[in-house]
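Notes to accompany the following structure.
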Amino acid sequence: MNIKKAIVLVADEAADNLILMHGLLQDQYEVKLANSGRAALDIMQQVPRPHLAVLDAALPEVDGYSVCRQLKSSPDTADIPVIFLQRHADEARAFLAGGADVVHKPIVADVLRARVDTHLQLRHSRELLKQQRNLLEHVVEEVTAELSQMLDAMIWALASLAETREYETANHLRRVQHYVAALGRQLQSHKRFSEELSEANIKSLFKAAPLHDIGKVSIPDAILLKPDRLTDEEFAVMKMHTVYGRDAIVNVENHLGYTNTFLRYAREIAYSHQEKYDGSGYPQGLAGDAIPMSARLMAVADVYDALISKRVYKPAFTHETAMEMIRQGSGEHFDPDVVDAMLTIEEEFMAIAERYSDHPASGAATPHIAA
């Protein structure tokens, strides 16, 4: 089996030194010779490039220090170790130029061979470590992606339990999570929201949004599916879905022994998405900024989708009617800045509603869950 030899560039003005070093290294390495700094730089541009360079510090035209600095300034050659040959003990200058080692003249054969062997082995070890690091990063990315897909599937399964009991479609969940993400992106530069709405946090909001009504799994069918107006007693039971949803997420946090941004948003949305900006909502009667940001975004997204969707107790309203009703609720039911953001991206809301319609056009592709 043919094993390619490492390539070593040797640059020295003196022909006898070139002959000497060629003889010392040729059995183990492929040796390329240069008698000037310019010639050494030319050889470094040839492919395959040398794996190591032995440079006389006093090369003509362009000295060894300048050659080394040029090599280190290019990403193509920056990793090539350079051993300087010097007659004087000015090692600091060699290392400042980027050199890996210094061999003093006159050359001692065993010293030069040992230094060349050592630095080529070090370079090979660095390359192996880089390959292993890249492989590890790839494995981590694959495992992370797989875990993320599993998390998405579990979120979807849990959220669907609540929605299907109410005879809503999975597309409702898709729509609200896209509405929330769209609102988050629109509000990223707003002074009230910019600190929290990073790209990573918007992704967490997107994942958490489908869990907003998870607490409805604990509401009796007679109340959840009642087509008529609920009595005060029934409405009191219905309002408990926010508490049940919050408690479900809190139980997860307690079991894990920690929380994270996704779980925090899921808990906030489940518990507070029925709060109103003027303090007339439930379950706590929070007002203004006391309502978590995530819940204020969800309130607009959820009500808009409820308005444009058919329910057992109402027909579907048009987009225009839904927008006007939300506009009228600005400052009372909804955060005015969130409403303004929605009005600004009105066409994006319409596109999301169309893309994830409960009655897609024939032949339309099944949408994927993605931010």
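The values are calculated or read from the model by the stated rules, or taken from the named source; none is laboratory data. Because the structure is predicted, anything quoted here is derived from the model rather than measured. As a convention, Cβ positions derive from the backbone with ideal geometry for all residues, glycine included, and neighbour counts pool all protein chains shown.
A few comments on the model shown:
- Residue tally, condition surrounded by 12 or more Cβ atoms within 10 Å (Cβ to Cβ) and over 15 Å from MET298 (Cα atoms), over the range 247-262: 8
- Screening LYS216, LYS239 for residues that are in contact with an Asp or Glu (Cβ under 7 Å, 6 or more places away or on another chain), in the same structural domain as GLN186 (by TED's automatic domain parsing), among the basic types (Lys, Arg) and in contact (Cβ under 8 Å) with a residue 12 or more places away in the chain leaves exactly one candidate, LYS216.
- There is at least one residue in the range 239-258 that is on the phi < 0 side of the Ramachandran plot, within 30 Å of the chain's Cα centre (by Cα) and among the small types (Gly, Ala, Ser).
- Test: residue in the range 295-310 that is modelled with pLDDT of 95 or more, in contact with an Asp or Glu (Cβ under 6 Å, 6 or more places away or on another chain) and in a helix (DSSP H, G or I): yes
- Taking the range 198-265 as the region of interest, the helices (runs of 4 or more DSSP H) fully inside it that hold 2 or more residues being farther than 20 Å from VAL176 by Cβ are 221-224, 232-239, 241-256.
- Just one of the listed residues (LEU122, LEU55, LEU129, LEU59) is assigned by TED's automatic domain parsing to the domain that holds ASP12, closer than 27 Å to LYS4 by Cα and either touching a helix residue (DSSP H, G or I) at 6+ places or on another chain (Cβ under 6 Å) or not in a helix (DSSP H, G or I) (or both), and it is LEU55.
- Counting residues in the range 321-343 that are in contact with a strand residue (DSSP E or B) (Cβ under 6 Å, 6 or more places away or on another chain), at pLDDT 95 or above and under 26 Å from TYR356 (Cβ atoms) gives one or more.
- For ASN17: the one exception among (1) modelled with pLDDT under 95; (2) part of a loop (DSSP other than H, G, I, E, B); (3) surrounded by 12 or more Cβ atoms within 10 Å (Cβ to Cβ): (2)
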